[in-house]
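Okay, structure first, notes after.
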Amino acid sequence: MTDDAEPQTDSSTGGATGAPSSNRPGRWRRRLGVAFLSLLTLLVLAIGAFVVWASSTPDVGLVAERALVSDSVVAVAEDDGWVFTPSEPASTGLILYPGGRVDPASYAVLARPIAEAGFVVVVPSVRLNLAVLEPSAADDVMAAHPDIQQWFVGGHSLGGAMSAAYANDNRDDVAGLVLLAAFPAGGTDLSDSNMNVVSVYGTNDGLVSDEEVEDSRTRLPERARFVPVEGGNHAQFGDYGDQGGDNEAAITPDEQWRATAEAILSLMIGPRGGGGPSE
């Protein structure tokens, strides 16, 4: 008898005598399956919570609701967002991306006076109320309005950043850019373009600092015009009430809307008349 003797086997099981029952692979598969299902459940719950959060927008203000009513000057239609069409034929339009988790209807307070001045204005709906999920929303708008020969794009807050990205990627199709309490993201650089740009910001904005706006100069054309709205805050670029983290405005919403609309019109009328924003 040697030290290298073969292990004895149990003829009834066909395995080595004393070897443990071979259930381990099955147990591990079951455990992995339970772990996978648990992770999948958590993922589904997280996605559901995100969808609920993104879909919950502040109520549209009363002034914006009144601005959604058509009259003899401006026709207003709901079409995957809101379309404001002046009674006189227009060849120039503005696509205004809404801020994050803000109902597009809230920007009727800006769209209405711009349409009254003779421009088509479209505030598109974006996926889950987040323009970052649909930065190319302007494509569908332009396709739906082939009669418009010149388009400006812009947006508020997150919508502004996405409109800057769109303008950068579609320079031949965009006449100008409107930034409202917004600035181009770090990867968006329009400094070498000849695009007309206006950046409007509130001096009491609690979510976008003056420093962030100032830093954006290096990513915008040298001719870009910066318009501070003294006493304006972040939320008063639309009509949806207060916003968490924002500062209190020192001017009324109507004053901020009027100053903002004037700044936008100065950009849109300038290129049409051969001028453009001042240096």
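The values are calculated or read from the model by the stated rules, or taken from the named source; none is laboratory data. As the structure is a prediction and not an experimental result, all values here were calculated from the model. Neighbour counts are summed over all protein chains in view; Cβ atoms, including those assigned to glycine, are modelled from backbone coordinates with ideal geometry.
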Study note, to complete from the structure: In the range 127-146, anything within 27 Å of V73 (Cα to Cα) and aliphatic (A, V, I, L, M) is listed as A137, A138, V141, M142, A143, A144
Review point. Regarding A249, is this residue touching a helix residue (DSSP H, G or I) at 6+ places or on another chain (Cβ under 6 Å) and either closer than 24 Å to N168 by Cβ or not in a helix (DSSP H, G or I) (or both)?
Key: yes
Check your understanding: Before we move on, is V200 in the same structural domain as A90 (by TED's automatic domain parsing), touching a residue at least 60 places away in the same chain (Cβ under 8 Å), closer than 30 Å to R66 by Cβ and not in a helix (DSSP H, G or I)?
Key -> yes
Practice item. Tally the residues that are aliphatic (A, V, I, L, M), within 20 Å of P135 (Cβ to Cβ) and out of contact with any strand residue (DSSP E or B) (no Cβ under 8 Å at 6 or more places or on another chain), restricting the search to the range 95-115. Key: 0
**Study point:** Answer residue from the range 186-208, given it is modelled with pLDDT of 95 or more and surrounded by fewer than 18 Cβ atoms within 10 Å (Cβ to Cβ) and is nearest to G159 (Cα to Cα) among those
**Key:** L207
Review point. Does V109 count as modelled with pLDDT under 95 and assigned to a helix (DSSP H, G or I)?
Key: no
**Study point:** Set A259, A235, A224: member being modelled with pLDDT of 95 or more and touching an Asp or Glu at 6+ places or on another chain (Cβ under 6 Å)
**Key:** A235
Check your understanding: Hey, among G206, G241, which residue is in the same structural domain as A164 (by TED's automatic domain parsing), more than 24 Å from A111 (Cβ to Cβ) and in a loop (DSSP other than H, G, I, E, B)?
Key -> G206
